[in-house]
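S.K.: Sharing a structure with you now.
The values are calculated or read from the model by the stated rules, or taken from the named source; none is laboratory data. Source: prediction; values computed, not measured. Note: ideal-geometry Cβ built from the backbone for every residue, glycine included; neighbour counts use all protein chains shown.
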Amino acid sequence: MADLPIDLDPPLAARLQQALDLEGKIPRTLEALGPVSGRDVALVDGGEVRAGQLASLGARVKPVGWNGATRLPLADGSVDVVVGCWSTFRGVLPAEIAEVDRVLRPDGRHLVVHDYGRDDVSTLRGERPEYGTWGRRDGPFLAGGFKIRVVHCWWTFDELDAARDFLGAAFGEAGLALAASLKRPRLSYNVAVYHRGRPDPDPAAGRALV
């Protein structure tokens, strides 16, 4: 699921994968906010497509399965970047953040991709925290030490009929309603990349341990 923002049956998922972010804006943003090139990158619950994109940027990708309830299967200070997309880091949970900081090196980066909303795609899915509280100043991410970069992407299809057929098959009546309004074979799709650096250790705490 983490290669895509929506859990779909395999044939529909394959069609969406072919349409999602053909411009490659999401991986380019991960590089800009990391960077990931030439660095050890833990991809948490990511799929083959996302891992391939990171590898194509020059990252040394370490795919990691993790549900947030246990320790990450990585040594202390063993990676430069931790990346999660859509299905992971759904909010800012102190235990998860502490575990990410444990495996990051001192200048490490934590990057989290979620939907942002205010686009065509969000009209298909109803109310979700991604579309509301998560992107606000008082929401869990921005109040929890993350910054945000909004990336304006597209779901792009070869032709209008292909877009309309996919929307109806994947989203039923909501998809058909949006399909009827389309003038071109693409849907606006906004993605939020929340990003933070691993904080420096507290100097006072370090002195207390000496």
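S.K.: Quick check on this structure: which one of ASP76, ASP107, ASP101 is surrounded by 16 or more Cβ atoms within 10 Å (Cβ to Cβ) and either in contact with a Lys or Arg (Cβ under 8 Å, 6 or more places away or on another chain) or at pLDDT 95 or above (or both)?
M.R.: ASP101
One line per residue, one yes/no per condition, for (1) in a helix (DSSP H, G or I); (2) within 25 Å of the chain's Cα centre (by Cα); (3) within 18 Å of ALA14 (Cα to Cα):
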| position | (1), (2), (3) |
| --- | --- |
| GLU130 | yes, yes, no |
| GLY144 | no, yes, no |
| ILE148 | no, yes, no |
| HIS152 | no, yes, no |
| PHE166 | yes, yes, yes |
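S.K.: If a residue must be β-branched (Val, Ile, Thr) and crowded, with 20+ Cβ neighbours inside 10 Å, how many such residues does segment 87-98 contain?
M.R.: Of the residues in that region, 1 qualify.
S.K.: Given the condition of a type outside the set (Val, Ile, Thr) and more than 22 Å from VAL191 (Cβ to Cβ), answer yes or no: does some residue in segment 120-139 qualify?
M.R.: Here is the first cut: in segment 120-139, the ones of a type outside the set (Val, Ile, Thr) are 120, 122, 124-132, 134-139.
If we keep only those that are more than 22 Å from VAL191 (Cβ to Cβ) as well, we get none.
Within segment 120-139, none of the residues are of a type outside the set (Val, Ile, Thr) and more than 22 Å from VAL191 (Cβ to Cβ).
S.K.: Restricting the search to segment 59-91, which residues are assigned to a loop (DSSP other than H, G, I, E, B) and either in contact (Cβ under 8 Å) with a residue 60 or more places away in the chain or closer than 16 Å to ILE26 by Cβ (or both)?
M.R.: Those that are assigned to a loop (DSSP other than H, G, I, E, B) and either in contact (Cβ under 8 Å) with a residue 60 or more places away in the chain or closer than 16 Å to ILE26 by Cβ (or both): ALA59, TRP86, SER87, THR88, PHE89.
S.K.: Considering only residues of segment 59-73 that are of a type in the set (Gly, Ala, Ser) and farther than 18 Å from ARG196 by Cβ, which is surrounded by the most Cβ atoms within 10 Å (Cβ to Cβ)? Talk me through it step by step, then tell me what you get.
M.R.: Taking segment 59-73 as the starting set, the residues that turn out to be of a type in the set (Gly, Ala, Ser) are 59, 65, 68-69.
Going one step further and asking which of them are farther than 18 Å from ARG196 by Cβ, we end up with 59, 65, 69.
Numbers: ALA59: 25, GLY65: 9, ALA69: 7.
So the residue we want is ALA59.
S.K.: Do you know which of the residues in segment 9-58 that are modelled with pLDDT under 95 and assigned to a loop (DSSP other than H, G, I, E, B) is surrounded by the fewest Cβ atoms within 10 Å (Cβ to Cβ)?
M.R.: Only one residue fits best here, namely GLY47.
S.K.: I need a count of the residues in segment 146-167 that are of a type outside the set (A, V, I, L, M), surrounded by 14 or more Cβ atoms within 10 Å (Cβ to Cβ) and within 30 Å of PRO94 (Cβ to Cβ).
M.R.: Start the filter on segment 146-167 by keeping residues that are of a type outside the set (A, V, I, L, M), which leaves 146-147, 149, 152-159, 161, 164-166.
Imposing the further condition that a residue be surrounded by 14 or more Cβ atoms within 10 Å (Cβ to Cβ) reduces the set to 146, 149, 153-157, 164-166.
Remaining after also requiring within 30 Å of PRO94 (Cβ to Cβ): 146, 149.
So the answer is 2.
S.K.: Let me ask another. Give segment 92-113 a look and list any residue that's outside any helix (DSSP H, G or I) and free of Cβ contacts under 8 Å to residues at least 60 places away in the same chain, or say none.
M.R.: The answer is VAL92, LEU93.
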